[in-house]
Amino acid sequence: MLSQLYIENIAVIQQATIQLDQGFNAFTGETGAGKTILISAINAVLGARTSRSIIRSGETRAVVSALFTQVPGDVVRQVEELGYTAEDNQLMIHREMDAGGGGSCRINGRPATTALLRQIASLLIDIHGQRDSQELLSTEKHMAFVDGFGELWEDLDAYQKVYRELSAARDKLESLQMDESYKLQRQDILQYQIGEIESANLTPGEEEELLAQREMIRNAEKITGALGASYDLLTGGEEGLGIVSALENLGEELDTASRYIEELGEYQGKAEDLRYELEELASSVRGYLDDYNFDPRQLDRLESRLDLIHRLKKKYGASIEEILEYYEKSSRELDELVCSDERAEELRAEVEKLTVQAQKLAVVLSEKRKEAGERFIQSIQKELAYLDMPGVRLTLNLTRRELGPSGQDGVEFFLAANLGEEPKPLSKTASGGELSRVMLSIKNVLAGRGGVGTVIFDEIDTGVSGRAAQKIGLKLAQVAQSRQVICVTHLAQVAAYASHHNRIYKEVEGERTYTHVETLSREERVRELARINAGENITDIAMESAREMLTLAGN
């Protein structure tokens, strides 16, 4: 359950620590006091998208922390699979948001992402906001409710796996069944392109090698000149003493001197070694000079080859490697076109086989939906009767459709608001109050199928009053017997049934507005209920009526 909520610099809440207990926790307050901000803060800490405008004016950051205790073992295991520990079955979720658009998230002190917060939050808490009753206007949600009640997820997954394969096969078949003239035209284009690339006989890295060769040929005069000069310096050429001969003379002179100065013998050996190395260098330079023959026609061939590669690059890719990739891709496409008739037959057989499989699974899913839907409607009908809607009749309209992502069924709730009327689509006939009570009934029925430990209702009582509101309060109290319920309400009849009552109120200090949250004692609850019923002019009669309301609610 959600045991503690810490809020700092969220809208008009500067700082608040809210303690929550097991059972039914109600929040009341005047319009504009900040009840919606409380829900926004909870949504924020659970990973919902937030706007920088949520940060209190004048502040640079906002903080929300939520402490969950008594976390069920199966949820602990799922959290651990995500890489987080939950010692003593507790989870602390922390989120900071800054005015610059950044922020951070932590789970039990370890960094996390908002996506992870949302994933873990879905295991811990279910928030029903003011707009969520509008989900009933979407028939897709109707199917999800029935599937959830019937726990049909495995059947749905099995069907959807086959349906995805069927859709992929249909797409491939459709792409093959192109216009015959277009297919022939495409074949001609591919054959020409493939032939053009094949005739070029390209090899990876060839262009770089050709560019290097062209650079050498363009600088042939510089190269031969440098090699000739190097050889003359080493050998002396025809005119004088070269470096090699000079080193030979140096060695002889050092040899003579070393007879008298023993240490010079070492240098005489080094001079001799240098002479041998330079003789080898001179031989190599001579070899390069002899082998380097410049042929102007070779430059023409290089230029022609590089021009061909350039033209192919303009058509098929930015490099030889990309051209060859295009060649492979085009060859595969041509093979598919040439063999398209055979491949089409294979795909038709595959589509037929998958269609049969999908239809069988869809029939099973339909039968289970029908059975689960009937039980679901019966359960909802009982809840609606209890919520002061005994004359309302809810039915489930199942229609057959073509195979789709969710099967072959159309699922829609129909509602007859009064006795003697024919049921009509819920989305067209239900009032706001009826939608709220139908959604509360659905939540209560689905709650009995397992699920999260904390349910939050933000003004689930919108559009109702009087006896119906009292029934909603009692129903929330019943739900709170098996899980924690947090409800933001504007009705005294609902708040009276809460086992814990918190008041949200605003105060103006200086030129700033501050929102506070306080837990009410029984006498303070009496005064708050009287305020809700009578307004600011609280009379003794209003107080006595509030006491009676609490007593009748068992508080």
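So that you can scan it fast, the table gives a plain yes or no per residue for (1) open to solvent by 20 Å² or more (accessible area, probe 1.4 Å); (2) under 29 Å from L403 (Cα atoms); (3) not in a helix (DSSP H, G or I):
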residue	(1), (2), (3)
I309	no, no, no
K314	yes, no, no
E321	yes, no, no
S330	no, no, no
D335	yes, no, no
E346	yes, yes, no
A349	yes, yes, no
K353	yes, yes, no
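Taken as a whole, the structure leaves G225 outside the set of residues that are modelled with pLDDT of 85 or more and under 14 Å from L278 (Cα atoms). Among the candidates E536, E518, E528, the residue that is among the acidic types (D, E) and in contact with a Ser or Thr (Cβ under 7 Å, 6 or more places away or on another chain) is uniquely E528. Yes or no: the range 524-540 includes at least one residue that is basic (K, R) and assigned to a strand (DSSP E or B). No, every residue in the range 524-540 fails to be basic (K, R) and assigned to a strand (DSSP E or B).
Of the residues making up the range 102-111, those that are modelled with pLDDT of 90 or more and buried (at least 16 other Cβ atoms within 10 Å of the Cβ) are C105, R106, I107.
Looking across the range 217-254, the residues that are free of Cβ contacts under 8 Å to residues at least 24 places away in the same chain, assigned to a helix (DSSP H, G or I) and not aliphatic (A, V, I, L, M) come down to E221, K222, G225, D232, S245, N249, E252, E253. Checked against the criterion of being open to solvent by 40 Å² or more (accessible area, probe 1.4 Å) and either hydroxyl-bearing (S, T, Y) or in a strand (DSSP E or B) (or both), the range 68-83 contains not a single residue that satisfies it. For the structure I just gave you, tell me whether I442 is touching a His at 6+ places or on another chain (Cβ under 8 Å) and within 30 Å of I120 (Cβ to Cβ). It is false that I442 is touching a His at 6+ places or on another chain (Cβ under 8 Å) and within 30 Å of I120 (Cβ to Cβ).
What's the total number of residues in the range 84-101 that are closer than 17 Å to A115 by Cα and surrounded by 14 or more Cβ atoms within 10 Å (Cβ to Cβ)? Qualifying residue count for the region: 8. Kindly indicate the residue of the range 414-444 that is polar (S, T, N, Q) and closer than 19 Å to G148 by Cα and also modelled with the lowest pLDDT among those meeting that condition. Among residues in the range 414-444 that are polar (S, T, N, Q) and closer than 19 Å to G148 by Cα, the one modelled with the lowest pLDDT is N444. For the range 122-131, the condition of being among the hydroxyl-bearing types (S, T, Y), assigned to a helix (DSSP H, G or I), open to solvent by 60 Å² or more (accessible area, probe 1.4 Å) and in contact (Cβ under 8 Å) with a residue 24 or more places away in the chain holds for at least one residue. Only residues that are of a type outside the set (K, R), open to solvent by 70 Å² or more (accessible area, probe 1.4 Å) and in a helix (DSSP H, G or I) were counted in the range 255-302, giving 15. When the range 197-218 is filtered for residues that are surrounded by 12 or more Cβ atoms within 10 Å (Cβ to Cβ) and either touching a Ser or Thr at 6+ places or on another chain (Cβ under 6 Å) or polar (S, T, N, Q) (or both), only Q213 remains.
Looking at D98, D126, just one residue is under 19 Å from E8 (Cβ atoms), acidic (D, E) and modelled with pLDDT of 80 or more, and that residue is D98. Checking each residue in the range 397-415 for being in a strand (DSSP E or B) and open to solvent by 50 Å² or more (accessible area, probe 1.4 Å) picks out N397, L398, T399, R400, R401, E402. For the structure I just gave you, tell me whether L137 is at pLDDT 90 or above and of a type in the set (A, V, I, L, M). In short, no. Restricting the search to helices (runs of 4 or more DSSP H) fully inside the range 416-517 and requiring at least 2 residues that are in contact with a strand residue (DSSP E or B) (Cβ under 8 Å, 6 or more places away or on another chain) and crowded, with 20+ Cβ neighbours inside 10 Å gives 432-447, 466-479, 492-495. Take the residues in the range 375-396 that are closer than 15 Å to F149 by Cα and in contact with a strand residue (DSSP E or B) (Cβ under 9 Å, 6 or more places away or on another chain), then tell me which one is surrounded by the fewest Cβ atoms within 10 Å (Cβ to Cβ). Per the criteria, the residue is Q381. Checking the stated criteria, L250 turns out to be open to solvent by 40 Å² or more (accessible area, probe 1.4 Å) and under 27 Å from L289 (Cβ atoms).
The values are calculated or read from the model by the stated rules, or taken from the named source; none is laboratory data. As the structure is a prediction and not an experimental result, all values here were calculated from the model. Note: ideal-geometry Cβ built from the backbone for every residue, glycine included; neighbour counts use all protein chains shown. SASA here: full protein model, heavy atoms, side chains in, ligands and nucleic acids out. Shrake-Rupley method; radii C 1.70, N 1.55, O 1.52, S 1.80 Å.
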